Amino acid sequence: MPSLSPRSDLESLPKYVPGRTIEGAIKLASNEVPGGPLPSVQQAVTAALTTVNRYPDNGAQALRERLSQELDVPQERLAIGCGSVSLCQQMIQAVCGPGDEALFAWRSFEAYPIVAQVAHAVGVKVPLTPAHGLDLDAMLAAITERTKLVFVCNPNNPTGTALHAEEIERFLDAVPPHVLVVLDEAYKEFVTDSEVPDGVEFTRTRDNVAVLRTFSKAYGLAGLRVGYAVAPEPIAQALQQVYVAFSVNSLAQIAAIASLDAADELLARCRDIIAERERVRDALLEMGYEIPPSQANFVWFPLGERTVAFAEHMLDHKLIVRPFAGDGARVTIGTPEENDQLLAAAREFAAI
Ligand code: PMP
């Protein structure tokens, strides 16, 4: 009799390594914003606690209605997910059969290869340009008949680089219509370059473009898990079909709406983070580091073989960053004081 064992291919599944939390250390590892939830958001969540004996609205109707107004997109083209990482997985489940290909740049968001493999799709990685940006020409050249989906992370996690409207438009014009292009805009609110497009605009005129957004970053709700997709209607419906029932909980739905109500205040916080990002990058450049321009709430240190030593040095200084061994380290922009500590530790490392 064969014994019970998990799927054999899970042995080769890359691990998602979440940012560590260490007592007394500053966490700059997960691209969270440093400020806690606003009082108005806390109040809304607290009030909603009295109803958690009931299941949440499976279709997140109130949140979808609100997003529909905000984005001027019909509700039928909106889907909610348990964080946008869940929507990444739902996207693949919605369009890929076994053996179909999901294409993405590498390095990019570390969940892409995982969700592809879990869904029995084949993750295809296309190297970044020497300037640490997405190589759209190479991605185009990598599309085959089996390609069903392309993730375009803009700005790119972990490098912070962002594509311009014209580049994306040229790419979209060349992508075959059977391929869904998913513009992952988790860091959109930190973009200051006016040439970087709002991906939702592409979804108004094209049948094969979707956009992913999240409440985890600028809106400060990473712990509550809620994101959304703007997609062609058949894809939005398919996302709902593969959705794990009730996975966006009622507190998350309420908090997302309360955060949209408080958008002005939250986006003002983002502007502070953006100012800090520029200050930190300028200081690092002066120290001699190569840091690509970032349009997100983190900066990328392409340190290659020195990456792990850098992360260990930071840990010695009570700073938790995110190393990708052999490649580089990603460091989230924190409060001005936290950033000062980062800069002091980086200055020491540069002198080693
Ligand atoms: N996309 C990108 C590019 C990300 O960096 C992240 C979070 N690290 C996500 C999606 C997922 O975010 P969440 O699931 O918290 O919405």
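Using the structure shown, decide if S40 is without any contact (Cβ under 8 Å) to a residue 40 or more places away in the chain and of a type in the set (G, A, S).
Criteria not met by S40.
Could you list all residues from the range 178-202 that are over 30 Å from L266 (Cα atoms) and either assigned to a loop (DSSP other than H, G, I, E, B) or under 15 Å from the mean Cα position of the chain (by Cα) (or both)?
Keep residues of the range 178-202 that are over 30 Å from L266 (Cα atoms), which gives 178-180.
Passing the criteria: H178, V179.
Would you check which residues across the range 197-213 are surrounded by 19 or more Cβ atoms within 10 Å (Cβ to Cβ) and away from the ligand (no atom under 11 Å from the Cβ) and list them?
Step one: of the range 197-213, the residues surrounded by 19 or more Cβ atoms within 10 Å (Cβ to Cβ) are 197, 199-200, 202-203, 208-213.
Within the range 197-213, P197, G199, V200, F202, T203, N208, V209, A210, V211 qualify.
Being assigned to a loop (DSSP other than H, G, I, E, B) and either surrounded by fewer than 19 Cβ atoms within 10 Å (Cβ to Cβ) or away from the ligand (no atom under 16 Å from the Cβ) (or both) is the filter here, so list the residues in the range 229-250 that pass it.
Filtering the range 229-250 down to residues assigned to a loop (DSSP other than H, G, I, E, B) leaves 231-232, 242-249.
Once the filter is applied, which keeps residues that are assigned to a loop (DSSP other than H, G, I, E, B) and either surrounded by fewer than 19 Cβ atoms within 10 Å (Cβ to Cβ) or away from the ligand (no atom under 16 Å from the Cβ) (or both), the range 229-250 yields P232, V242, V244, A245, F246, S247, N249.
Looking for something away from the ligand (no atom under 12 Å from the Cβ), crowded, with 24+ Cβ neighbours inside 10 Å, more than 20 Å from F298 (Cα to Cα) and not assigned by TED's automatic domain parsing to the domain that holds A275 - is there at least one such residue anywhere in the range 214-228?
First, the residues of the range 214-228 that are away from the ligand (no atom under 12 Å from the Cβ): none.
Among the residues of the range 214-228, not one is away from the ligand (no atom under 12 Å from the Cβ), crowded, with 24+ Cβ neighbours inside 10 Å, more than 20 Å from F298 (Cα to Cα) and not assigned by TED's automatic domain parsing to the domain that holds A275, which makes the answer no.
Mind listing just one residue for me: the one in the range 1-13 that is touching a residue at least 24 places away in the same chain (Cβ under 8 Å) and not acidic (D, E) and, of those, nearest to the ligand (Cβ to nearest atom)? Steps first, please.
In the first step, residues of the range 1-13 are kept if they are touching a residue at least 24 places away in the same chain (Cβ under 8 Å); the result is 9, 12-13.
Applying the additional criterion that residues be not acidic (D, E) yields 12-13.
Working: S12: 22, L13: 18 Å.
Filtering first and then ranking leaves L13.
Are there any pairs, at least 6 apart or on different chains, whose C-beta atoms fall under 8 Å, with the first in the range 203-224 and outside any loop (DSSP other than H, G, I, E, B) and the second basic (K, R), and if so, which?
Pairs that qualify, where the first residue is outside any loop (DSSP other than H, G, I, E, B) and the partner is basic (K, R), are T203/R77; R213/K188.
Could you list, in sequence order, all residues of the range 14-32 that are more than 15 Å from the ligand (Cβ to nearest atom) and surrounded by 18 or more Cβ atoms within 10 Å (Cβ to Cβ)?
Within the range 14-32, I26 is the sole residue that qualifies.
Mind checking whether some residue in the range 179-187 is aromatic (F, W, Y) and either away from the ligand (no atom under 12 Å from the Cβ) or touching a helix residue (DSSP H, G or I) at 6+ places or on another chain (Cβ under 7 Å) (or both)? Spell out how you get there, then give the answer.
Step one: filter the range 179-187 for residues aromatic (F, W, Y), giving 187.
Of the ones still in play, those that are also either away from the ligand (no atom under 12 Å from the Cβ) or touching a helix residue (DSSP H, G or I) at 6+ places or on another chain (Cβ under 7 Å) (or both) are none.
No, that holds for no residue.
Can you find a residue that is among the hydroxyl-bearing types (S, T, Y) and within 16 Å of the ligand (Cβ to nearest atom) anywhere in the range 33-56? Break it down stepwise before answering.
Taking the range 33-56 as the starting set, the residues that turn out to be among the hydroxyl-bearing types (S, T, Y) are 40, 46, 50-51, 55.
Filter once more, keeping what is within 16 Å of the ligand (Cβ to nearest atom): none.
No: zero hits.
Please enumerate the residues belonging to the range 278-305 that are surrounded by fewer than 17 Cβ atoms within 10 Å (Cβ to Cβ) and without any contact (Cβ under 8 Å) to a residue 12 or more places away in the chain.
Correct list: E278, D282, L285, E286.
Of the residues S86, S68, S40, which single one is assigned to a helix (DSSP H, G or I) and surrounded by 21 or more Cβ atoms within 10 Å (Cβ to Cβ)?
Details: S68 fails: surrounded by 21 or more Cβ atoms within 10 Å (Cβ to Cβ); S40 fails: surrounded by 21 or more Cβ atoms within 10 Å (Cβ to Cβ).
Answer to the selection: S86.
Could you say which residue among T307, T335 is closer than 18 Å to A218 by Cα and either at pLDDT 95 or above or of a type in the set (A, V, I, L, M, F, W, C) (or both)? Explain how you work it out, then say what you get.
Details: T307 fails: closer than 18 Å to A218 by Cα.
Answer to the check: T335.
Scan the range 81-92 for residues that are more than 10 Å from the ligand (Cβ to nearest atom) and closer than 10 Å to V182 by Cβ and jot them down.
M91, I92, listed by residue number.
What single numbered condition from (1) without any contact (Cβ under 8 Å) to a residue 40 or more places away in the chain; (2) in the same structural domain as H164 (by TED's automatic domain parsing); (3) hydrophobic (A, V, I, L, M, F, W, C) fails to hold for A275?
Of everything listed in (1) without any contact (Cβ under 8 Å) to a residue 40 or more places away in the chain; (2) in the same structural domain as H164 (by TED's automatic domain parsing); (3) hydrophobic (A, V, I, L, M, F, W, C), A275 misses just condition (2).
Taking the range 57-113 on its own, how many of its residues are basic (K, R) and closer than 16 Å to T147 by Cα? Outline the logic, then answer.
To start, the set of residues in the range 57-113 that are basic (K, R) comprises 64, 66, 77, 107.
Add one more test, that the residue is closer than 16 Å to T147 by Cα, and what stays is none.
Number satisfying all stated conditions: 0.
Having 1 or more residues that are β-branched (V, I, T) and on the phi < 0 side of the Ramachandran plot is the bar; report the strands (runs of 3 or more DSSP E) wholly within the range 265-352 that clear it. So that I can check it myself, show each step before the final result.
Details: elements: 298-301, 322-324, 328-332.
The qualifying strands (runs of 3 or more DSSP E) are 298-301, 328-332.
The values are calculated or read from the model by the stated rules, or taken from the named source; none is laboratory data. All values derive from a computational prediction rather than experimental measurement. FYI the Cβ positions are ideal-geometry reconstructions off the backbone, even for glycines, and counts take in every protein chain you see.
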